[in-house]
Amino acid sequence: MSTPKRFFVDNLTSPETYLEGEEFTHAKTVLRVEEGTEIVLLDGSGKEYSAIVSKIEKHRLLAHITGAIEGDKEPKTEIYLLCGALKGDKTELIVQKACELGVSRIGVFSSEYCSAYMNENKLERLKKVAREAAKQCLRSRAPKIEYFNNLSDALSSAKDYNNKLFACEFLSGSDGDMSQLSGSTAVVVGSEGGFSEAEYALAKQCGFLGISLGKRILRAETAAIAVCALTAFALGELK
Ligand code: SAH
């Protein structure tokens with residue numbers, strides 16, 4: 001039997017709850033959920049609720065909750081990815097891969113050499129991508145996504161993290177050691193245009209350690225996915 005389909009709900013009420021909006025449409029028209037189907041509901045708290053579809057209406061379905069467990073796929077240590085906004089749908093790619101790799105929080109920022117723009121619709125789209133990725137990889141929480149219209153605010157948002165790393169393409173060596181991490185970790189990756197010297201200086205002032213990812217210049221999306229994987233590995237999340 002296939003694993004029960006998973007859906008995010010905004011307001012979960014027990015023992016009966018409604019699934020509405022996009023999640024409902026997807027359940028009904030794409031996944032062809034029927035009355036009697038067993039599903040899993042996620043409210044973003046980290047819990048997973050098993051439920052049975054008891055009634056399907058035109059714009060919503062009613063689910064009867066039969067049990068709740070604490071999701072066991074969430075990372076133990078918090079990873080925060082800060083990435084420059086990328087052109088086209090590349091930021092979506094990063095959000096999807098970061099979610100699979102166990103990132104808990106994603107900050108997308110604009111910076112000096114960043115030429116992509118962000119608006120409410122794009123941010124909503126990123127949140128949707130995060131939810132879809134979370135369901136697909138069986139997480140019980142989708143990474144939280146925020147937008148910062150400047151690098152300074154993005155860097156400040158990471159002030160409480162144990163490790164603060166800044167991937168910088170023009171460094172010949174690393175100040176931070178990615179193989180020796182413990183505790184919550186924030187890691188910054190630039191957009192296609194990269195960073196300026198002044199931005200690197202600002203990051204250092206904010207307590208970030210520069211890291212090099214080697215002699216080759218990686219595309220921004222490659223760098224972002226690579227730092228997520230390296231961080232998750234160093235923190236023991238990929239065992
Ligand atoms: N346009 C820039 C490259 C930007 S690469 C240039 O031509 O120099 C996009 C981002 O990926 C960078 O800002 C950095 O955060 C990361 N990155 C790519 N290659 C890297 C490397 N070798 N070391 C560290 N960071 C790297």
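All of the numbers you see were taken from the coordinates with simple rules; none came from a lab. Since the model is a prediction, treat every value here as computed from it, not as a measurement. Cβ coordinates were reconstructed from backbone atoms using ideal geometry, including for glycine residues, and neighbour counts include every protein chain displayed.
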In the stretch 1-16, the residues that are part of a loop (DSSP other than H, G, I, E, B) and crowded, with 17+ Cβ neighbours inside 10 Å: Val9, Leu12
Residues within the stretch 213-239 that are in a loop (DSSP other than H, G, I, E, B) and more than 11 Å from the ligand (Cβ to nearest atom), tallied: 5
Looking at (1) under 15 Å from the mean Cα position of the chain (by Cα); (2) in a loop (DSSP other than H, G, I, E, B); (3) not aliphatic (A, V, I, L, M), find the lone condition where Arg125 falls short. (2)
What is the residue count in the stretch 26-48 for residues that are surrounded by 13 or more Cβ atoms within 10 Å (Cβ to Cβ) and of a type in the set (S, T, N, Q)? 2
Whether any residue in the stretch 181-192 is more than 10 Å from the ligand (Cβ to nearest atom), under 24 Å from Thr77 (Cβ atoms), in a helix (DSSP H, G or I) and free of Cβ contacts under 8 Å to residues at least 60 places away in the same chain is what I want to check. no
Which condition breaks for Gly210 when tested against (1) in a strand (DSSP E or B); (2) away from the ligand (no atom under 15 Å from the Cβ); (3) of a type in the set (Gly, Ala, Ser)? (2)
So which of Leu165, Leu171, Leu202 ends up being more than 18 Å from Ile225 (Cβ to Cβ) and not in a loop (DSSP other than H, G, I, E, B)? Leu202
Can you tell which of Lys58, Lys5, Lys47 is closer than 29 Å to Ala158 by Cβ and of a type outside the set (Asp, Glu)? Lys47
Could you check, for the stretch 133-151, whether at least one of its residues is touching an Asp or Glu at 6+ places or on another chain (Cβ under 8 Å), crowded, with 18+ Cβ neighbours inside 10 Å, touching a residue at least 40 places away in the same chain (Cβ under 8 Å) and more than 21 Å from Ile39 (Cβ to Cβ)? yes
